[in-house]
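Just so it is clear, none of the values below were taken in a lab; they were calculated from the coordinates. Fair warning: this is a prediction, and the values are worked out from it, not measured in the lab. Backbone-built Cβ (ideal geometry, glycine too); neighbour counts: all protein chains shown.
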Amino acid sequence: MNATDWWGRLRGLLEGGLRASDDGCLWCGGARRGAGARRLAPLCGACAAEVPWIEQIHCSACGRGEPCPDCVRREVSYVAASRSAVRYTPFMKEWLARYKYRGSERLAPLFGDMAGFAYERLRELWETETACRTVLTYVPLSERRLEERGFNQAEAMARSVGRRYRAPVVPLLVRTRHTEKQSYKSRRERLESLERAFAMRKDGVDALRRFLSEGPLRVVVVDDVYTTGSTMQRCGEAIAGAVDGRSNALRVYGLTWAR
């Protein structure tokens, strides 16, 4: 499914259950009526046209749409592959800021459905693989960050994708310490900051081993933005370390809203 088809599906879903309070675009407030329907479209054509879907993948490891300087220098990877829905442009940064930091809850279905586009890209990778169960988890927040925001945007997206594709969502990870925002740090600073920042929950270890007792397993770690991959790698390392000898039966993948 290409981005045009996906956007049509997304718009149809949102028109059915998520509308602005008046006749305005969900994002900018500009007037736009739904084509061929009395219901109002969630976004105007101008805003919809600015969604920078990642359709052409250049880096098979992280799903980036252009040459990737990070994956080529990584000697060991704990993540089989990652895929993202959109490029992290200034427009998408505004979207995330309104949802993540200003708590605009009516954007939640929009983010969840866009994350579904990235999940479809992962499913394309699995077409040639043998039958394997898939479970979703998410990057946890520190207690301080969770109190500030009131919700975990990564968890919300994971649960949206899980409902649509009937995949269980299991909280596997815990953040062992609070870390400052990663977006303003260099690659080296990110690596140092995230060292041992994640660990497996006790009940997460039990759940993981229970799933593996039933056969090969894929774990998809969901987050909002993939920058250098440091967060995803540290989460993958914690998950892989929990199964030791059965690591051949487990593959970790990453899914993010933006890249």
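Residue by residue through the stretch 216-229, what is 3J(HN,Hα) from phi via Karplus (6.51 cos²θ - 1.76 cosθ + 1.60, θ = phi - 60°)? Round to whole Hz and write x for glycine and proline.
Each residue's phi maps through the Karplus curve to give x, 9, 10, 10, 9, 8, 9, 8, 7, 10, 9, 9, 9, x Hz.
Which order, highest average first, do 200-209, 216-225, 155-164 follow once you tally other Cβ atoms within 10 Å for each residue and take the mean per peptide?
On the way: 200-209: 15.8, 216-225: 22.8, 155-164: 20.8.
The packing order, highest mean first, is 216-225, 155-164, 200-209.
If packing is taken as the mean number of other Cβ atoms within 10 Å per residue, what is the order of 72-78, 120-126, highest first? List each step's numbers first, then the result.
Details: 72-78: 11.3, 120-126: 15.1.
The most tightly packed comes first, giving 120-126, 72-78.
Taking amide H positions as placed 1.01 Å from N in the peptide plane, with prolines and chain starts having none, which residues 5 or more places from Arg64, or on another chain, fall under 5 Å of its amide H?
Amide H to amide H, under 5 Å and 5 or more residues apart or across chains, Arg64 pairs with His58, Cys59.
Using mean Cβ contacts within 10 Å as the protection proxy, how do 86-92, 147-153 order, highest first? Before the final figure, lay out the partial values.
Values: 86-92: 16.1, 147-153: 14.3.
My ranking of the peptides, most packed first, is 86-92, 147-153.
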